[in-house]
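The values are calculated or read from the model by the stated rules, or taken from the named source; none is laboratory data. As the structure is a prediction and not an experimental result, all values here were calculated from the model. Using ideal geometry, Cβ is built from the backbone for each residue, glycine included, and neighbour counts are taken over all protein chains shown.
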Amino acid sequence: MGNEHMLEIHDLHAAVEGSEILKGIDLMVRPGEVHAIMGPNGSGKSTLAQLLAGHPAYEVTSGTVRFGGRDLLEMEPDERAAAGVFLAFQYPVEIRGITNAYFLQSAVNAIRKTRGEEPLDTIDFAELLDAKLKAIGWDDSLVYRAVNEGFSGGEKKRNEILQLSVLEPSLAIMDETDSGLDIDAVKAVAEVVNRFRSPERSFIVVTHYQRILNYLTPDYVHVLAHGRIVRSGGKELALELEAKGYDWTKSELVAAG
Amino acid sequence: MAQQVDRSRAHNAYVAAYEAFAVNGAGASPEWLKGKRAAAIARFADAGFPSTRDEAWRFTDVKPLVESVFEVLGGASTADAVALSPHVVPDETSAVLAVVNGRVAPHLSRMPSFPGGAVVMGLREALDQAHPAVEQHLGTSGADLRTPFGALNTAFLSDGAFVFVPRGVRLSVPIQVLFFTDVGSAGDNGLVFPRLLVVVEDEAEATVVETHAGGDGDRYWTSPVSEYVVGVNAQLDSYRIQRDSGNAYHTAVTHSRLARDARCAMVTFSFGAALSRQDLVSVLGGEGAQSTLNGLSGLGGRQHVDYHTTLDHAQPHCNSWEYFNGIFGDRARGVFSGRIIVRQGAQKTDSKQTNNNLLLSANARADSQPQLEIHADDVRCTHGATLGPIDETHLFYLRSRGLNLADARKLLTYGFASEILNSVRYQRLRDWLDVLVQQRLAALTGDTATA
């Protein structure tokens with residue numbers, strides 16, 4: 001693992017419609033690291049994940065976020081994607097009338113364009129997609145359907161993973177990708193994440209449940225509550241949370257405040 | 001009171017034009033047709049021009065049609081293949097029947113030989129031959145009753161297009177009927193009455209593309225009537241493409257009647273005309289009939305489209321699916337009125353209606369009105385409508401995958417259109433429409449940028 005930080009979040013405060021949700025987040029991620037962010041509902045986990053991808057609903061009121069040395073907060077969502085940020089959505093959006101294959105080709109070529117690379121034609125892209133599917137051991141049953149339209153919850157999450165594998169980001173943020181999945185599906189998601197782990201690629205795995213961390217060993221676990229990281233530790237912290245639940249975060253916060 | 005005076009002036013002018021036509025232009029017609037014309041003009045004379053006080057015309061003001069007196073164009077035209085070519089489906093295997101100013105133009109048509117007695121010809125020629133299917137079906141659908149303009153079309157009926165596919169014949173050659181308006185020396189007030197009769201007999205199959213177009217930028221009024229008759233267990237794929245000049249007026253009635261177990265899939269596209277009103281009626285007249293009616297509008301500027309659709313379930317065990325998407329930029333406006341009638345005894349009817357409207361500008365507008373009239377108790381009828389600009393969460397999803405704002409908008413708009421394009425089963429037509437749609441959307445999103 002390199003020593004340079006890929007992502008540096010300092011004292012990040014953010015609000016939506018005037019109400020503050022993130023109240024001073026500090027988080028440093030080096031290349032190759034997997035960080036799990038856990039916390040109860042309403043703690044700000046998903047806000048942090050979506051904010052990093054550039055969701056327009058969140059207003060940063062103070063603090064800084066640097067990604068690869070650049071000011072991430074100054075970048076448009078598509079610029080962040082081109083720079084290597086990927087968000088696996090908690091609730092992926094249905095895009096009617098557009099097949100997954102066409103969508104993925106558009107996304108790959110948009111990113112190639114910003115990098116000054118030639119676009120892939122349909123045949124080249126089909127080969128790339130085929131290779132990616134083979135690598136993760138999936139068939140093409142999702143590929144020629146309209147993006148997420150009529151997909152089951154599990155299919156939508158799988159589709160996010162497929163996009164991740166095709167777009168090859170350097171920072172993948174997984175926003176509750178494991179929620180609503182049965183244990184086999186959670187394992188399948190974790191397997192793909194493990195496959196894509198590399199010294200250059202980092203993961204932020206936002207999760208409500210400890211379960212996925214049985215299959216995905218994080219380097220760090222952070223507990224987010226009321227818009228702050230209230231505890232950080234190694235993977236053993238996840239086990240502790242599993243045993244204790246989140247109720248203690250209330251008193252911890254009182255103690256911290 | 002000025003409007004009242006204008007109305008009667010236009011009204012009287014068409015009644016007078018009919019009198020002249022009945023004496024000069026229609027002498028050789030069979031008696032049954034003369035009778036239909038006389039009944040039709042009487043109906044028009046009685047109904048007159050609709051006004052926005054009429055419920056069915058609440059959102060569509062035909063004032064431009066009342067304010068000037070339009071001149072019924074004869075067949076004379078100098079329109080050549082170059083003028084028509086942008087509207088011909090690029091498929092050399094298809095048949096093309098060109099109808100210019102309501103009259104068949106053989107020199108602009110392309111007719112391969114058809115198997116098994118199938119016929120594609122002018123209505124005039126079919127009348128001269130006393131083709132039995134013409135007398136049996138022409139003007140029997142009730143399309144004339146639908147709007148005063150439908151009646152006016154029948155009153156001036158003298159030519160048009162006739163497609164006949166006899167019992168059991170599967171016509172693999174797609175047929176395009178291209179109605180073109182060439183105003184020529186008539187100036188800005190030309191009027192045409194395109195007419196189409198398609199008869200697909202029992203267990204026959206056909207694909208028909210009905211196209212309406214005219215000279216770029218020309219002002220004219222076209223008032224077509226199309227009647228489709230689909231026999232027992234027959235199948236018709238029909239497409240209706242309205243690409244009239246942006247200064248034209250288009251008032252259409254399209255009627256299909258399905259016999260037992262018949263399948264009719266119509267996909268209709270509206271890109272042209274300053275104002276278009278299209279009354280599309282499908283009667284499921286035999287048990288087990290299935291009717292699909294889909295539509296896509298892509299309008300900008302101050303264009304106006306009004307679709308009034310009726311799916312009339314007259315028999316049990318019939319299905320209908322209706323899916324209309326409208327894309328409106330600048331100050332364009334769309335009206336969708338979807339009526340589903342389930343007649344007494346039409347049990348096990350299954351009908352689904354969807355109308356989605358995408359507004360690309362703050363000044364664009366769409367109105368959607370479902371009308372369900374259900375007189376049976378064991379039926380399933382659903383309807384839904386959406387209206388609004390491109391969804392911000394959709395935009396963010398695409399942008400988070402690397403598409404810039406403009407490309408994300410373009411892809412979402414195209415996806416919206418593709419839902420309808422994907423229902424076009426005639427592949428060469430779909431490929432062509434795909435290109436037309438992309439050009440149209442590029443123009444519409446350009447509208448928005450400057451609006």
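Among the residues of the stretch A:91-102, is there at least one that is more than 11 Å from chain B (Cβ to nearest Cβ), without any contact (Cβ under 8 Å) to a residue 60 or more places away in the chain and under 27 Å from residue B:398 (Cβ atoms)? Scanning the stretch A:91-102 turns up at least one residue that is more than 11 Å from chain B (Cβ to nearest Cβ), without any contact (Cβ under 8 Å) to a residue 60 or more places away in the chain and under 27 Å from residue B:398 (Cβ atoms). If you go through the stretch B:379-397 and keep only what is outside any strand (DSSP E or B), of a type in the set (A, V, I, L, M, F, W, C) and either under 25 Å from residue B:334 (Cβ atoms) or more than 8 Å from every other protein chain (Cβ to nearest Cβ) (or both), you end up with B:379, B:390, B:395. The requirement of being of a type in the set (A, V, I, L, M, F, W, C) and within 12 Å of chain A (Cβ to nearest Cβ) is fulfilled nowhere in the stretch B:361-376; no residue meets it. In the stretch B:295-304, the condition of being touching a residue at least 60 places away in the same chain (Cβ under 8 Å) and within 14 Å of chain A (Cβ to nearest Cβ) is met by at least one residue.
How many of the residues in the stretch A:123-145 are surrounded by fewer than 15 Cβ atoms within 10 Å (Cβ to Cβ) and within 14 Å of another protein chain (Cβ to nearest Cβ)? The total comes to 1.
May I ask you to verify whether residue B:335 is under 28 Å from residue B:87 (Cα atoms) and aliphatic (A, V, I, L, M)?
When the stated conditions are applied, residue B:335 passes them.
Scanning the stretch B:415-429 for residues that are away from every other protein chain (no Cβ under 14 Å) and either touching a Cys at 6+ places or on another chain (Cβ under 7 Å) or touching a residue at least 12 places away in the same chain (Cβ under 8 Å) (or both) yields B:425, B:426, B:428, B:429. Residue A:44: over 15 Å from the mean Cα position of the chain (by Cα), farther than 21 Å from residue A:163 by Cα and away from every other protein chain (no Cβ under 14 Å), yes or no? Criteria not met by residue A:44. Here residue A:205 fulfils each of the conditions (1) closer than 26 Å to residue A:191 by Cα; (2) touching a Lys or Arg at 6+ places or on another chain (Cβ under 8 Å); (3) buried (at least 18 other Cβ atoms within 10 Å of the Cβ) apart from (2). Of all residues in the stretch A:146-198, those that are assigned to a helix (DSSP H, G or I) and either of a type in the set (A, V, I, L, M) or within 12 Å of another protein chain (Cβ to nearest Cβ) (or both) total 17.
Note on the stretch B:43-61: residues that are among the acidic types (Asp, Glu) and part of a loop (DSSP other than H, G, I, E, B) total 2. For the criterion of being modelled with pLDDT under 95, under 19 Å from the mean Cα position of the chain (by Cα) and hydroxyl-bearing (Ser, Thr, Tyr), residue A:91 passes.
When B:444, B:412 are checked against the criterion of being more than 11 Å from chain A (Cβ to nearest Cβ) and buried (at least 16 other Cβ atoms within 10 Å of the Cβ), B:444 stands alone in meeting it. Of the residues making up the stretch B:211-242, those that are in contact with a Cys (Cβ under 9 Å, 6 or more places away or on another chain) and not acidic (Asp, Glu) are B:228, B:230, B:234, B:235, B:236, B:238.
Mind checking which residues of the stretch A:54-71 are touching a residue at least 40 places away in the same chain (Cβ under 8 Å) and within 13 Å of another protein chain (Cβ to nearest Cβ)?
Matches in the stretch A:54-71: A:57, A:58.
Taking the criterion of being more than 7 Å from chain B (Cβ to nearest Cβ) and touching a helix residue (DSSP H, G or I) at 6+ places or on another chain (Cβ under 7 Å), the residues of the stretch A:103-113 that qualify are A:104, A:105, A:108. Looking at this structure, is residue B:99 assigned to a strand (DSSP E or B) and in contact (Cβ under 8 Å) with a residue 40 or more places away in the chain? Spelling it out, residue B:99 is indeed assigned to a strand (DSSP E or B) and in contact (Cβ under 8 Å) with a residue 40 or more places away in the chain. Cβ separations smaller than 8 Å between residues 6+ apart or across chains give the following pairs from the stretch B:113-134 residues that are without any contact (Cβ under 8 Å) to a residue 60 or more places away in the chain and over 13 Å from residue B:167 (Cβ atoms) to residues that are surrounded by 13 or more Cβ atoms within 10 Å (Cβ to Cβ) and of a type in the set (S, T, N, Q): B:124/B:158.
For the stretch A:165-180, state whether one or more residues are small (Gly, Ala, Ser), touching a strand residue (DSSP E or B) at 6+ places or on another chain (Cβ under 8 Å) and under 27 Å from residue A:66 (Cα atoms). There is at least one residue in the stretch A:165-180 that is small (Gly, Ala, Ser), touching a strand residue (DSSP E or B) at 6+ places or on another chain (Cβ under 8 Å) and under 27 Å from residue A:66 (Cα atoms).
Taken over the stretch B:388-441, the criterion of being in contact with a Gly (Cβ under 9 Å, 6 or more places away or on another chain), among the aliphatic types (A, V, I, L, M) and within 14 Å of residue B:294 (Cβ to Cβ) is satisfied by B:417, B:420, B:421, B:437. When each of B:358, B:311 is tested for being buried (at least 24 other Cβ atoms within 10 Å of the Cβ) and closer than 19 Å to residue B:285 by Cβ, the lone residue that passes is B:311. Which residues, taken from the stretch B:369-401, are crowded, with 16+ Cβ neighbours inside 10 Å and of a type in the set (D, E, K, R)? B:399, B:401, listed by residue number.
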